[in-house]
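Structure first, commentary second.
The values are calculated or read from the model by the stated rules, or taken from the named source; none is laboratory data. Worth saying up front: this structure is predicted, and the values here are computed from it rather than measured. Cβ: placed from backbone, ideal geometry, glycine included. Neighbour counts: every protein chain shown. These area figures cover heavy atoms from the full protein model, side chains too; ligands, DNA and RNA do not enter into them. Shrake-Rupley method; radii C 1.70, N 1.55, O 1.52, S 1.80 Å.
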Amino acid sequence: MGIGLIKQVEIQNWKTHLNSKFEFGKGTNVLVGSMGSGKTSVMDAICFALFGTFPALQQRRIGLQEILMRKPTQAEEAIVKLGFDYEGKEFEVERTIKLKGSSQAKLYIDGKFVAGPKPQDVNSEIEKNVEISYNLFSRAVYSEQNQI
């Protein structure tokens, strides 16, 4: 497996994040904040961008609609954009969750459109190109809060 680097994540109307952007560099990156400030939401957004799900959603502890920001008003859609590189290729994935209608996803590799708008097509391409499945990622890479 080659080395990959998550470069940035942008989230709009995602849980408590109206419009947040995080940039990451080589080495250790740390999210610091008080309880309830949205740190776990950022990690869930990264997992969702990659695989179209995250542990709480996969285990049905929350529904897709609960991801959409509710305050001060109900958001109509949430968007997650993730930029990362893997084995010398630049990846950008964008996923949109809609209050009404179908969710959509797009995957670009080196600036070229590769898959979408069906989320399953993007999932398959990411798993094929990054050589890791959601199950392996959720067990070996992303450990959910209080589950280590």
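Some values worked out for this structure:
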{"quantity": "Exclusive hit being part of a loop (DSSP other than H, G, I, E, B), under 19 Å from residue 135 (Cα atoms), at pLDDT below 90 and not polar (S, T, N, Q), set 70, 61", "calculated": "61"}
{"quantity": "Residue list for segment 25-67, restricted to those being in contact with a Pro (Cβ under 9 Å, 6 or more places away or on another chain) and within 17 Å of residue 119 (Cβ to Cβ)", "calculated": "44, 47, 52"}
{"quantity": "Pairs where the first residue, in segment 36-65, is farther than 18 Å from residue 82 by Cα and the second is at pLDDT 85 or above and polar (S, T, N, Q), C-beta under 9 Å, 6+ apart", "calculated": "36/16; 37/16; 64/103"}
{"quantity": "Residue that is farther than 19 Å from residue 8 by Cα, at pLDDT 90 or above, surrounded by 12 or more Cβ atoms within 10 Å (Cβ to Cβ) and within 16 Å of the chain's Cα centre (by Cα), where the choices are 144, 92, 125", "calculated": "125"}
{"quantity": "Some residue of segment 8-26 being under 19 Å from residue 134 (Cα atoms), open to solvent by 70 Å² or more (accessible area, probe 1.4 Å), free of Cβ contacts under 8 Å to residues at least 24 places away in the same chain and out of contact with any strand residue (DSSP E or B) (no Cβ under 6 Å at 6 or more places or on another chain)", "calculated": "no"}
{"quantity": "Residue match in segment 106-119 (condition: touching a Gly at 6+ places or on another chain (Cβ under 7 Å), open to solvent by less than 40 Å² (accessible area, probe 1.4 Å) and on the phi < 0 side of the Ramachandran plot)", "calculated": "yes"}
